[in-house]
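Written below as structure tokens is the structure these notes are about.
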Amino acid sequence: MNLYEKVQIPGFQDAIRKIKRFLEDEDNLSKSAQKIVKNKQQNQHIEEEEET
């Protein structure tokens, strides 16, 4: 029991923290990419309207 409490559980908690951070970073990058695409599409639409 002592081995699990002192060694393995903290190791698992650290791994879980790293995974959470990675997933949060992936989510933030995805949202940023979506915003960039949306802005480019809006700019293209505005340019097309100005041409007509």
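Read-outs: derived from the displayed coordinates by stated rules, not from any lab. Treat the numbers as computed from the prediction; the structure is a model and nothing was measured. Neighbour counts run over all protein chains shown; Cβ positions are idealised from the backbone, glycine included.
Tabulated data for the structure shown
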read-out: Any chance residue 14 is under 10 Å from the mean Cα position of the chain (by Cα), in a helix (DSSP H, G or I) and charged (D, E, K, R); value: no
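Table: residues versus (1) out of contact with any helix residue (DSSP H, G or I) (no Cβ under 9 Å at 6 or more places or on another chain); (2) surrounded by 10 or more Cβ atoms within 10 Å (Cβ to Cβ); (3) of a type in the set (Gly, Ala, Ser).
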| position | (1), (2), (3) |
| --- | --- |
| 7 | yes, yes, no |
| 12 | yes, yes, no |
| 19 | yes, yes, no |
| 24 | yes, yes, no |
| 33 | yes, yes, yes |
| 43 | yes, yes, no |
| 50 | yes, no, no |
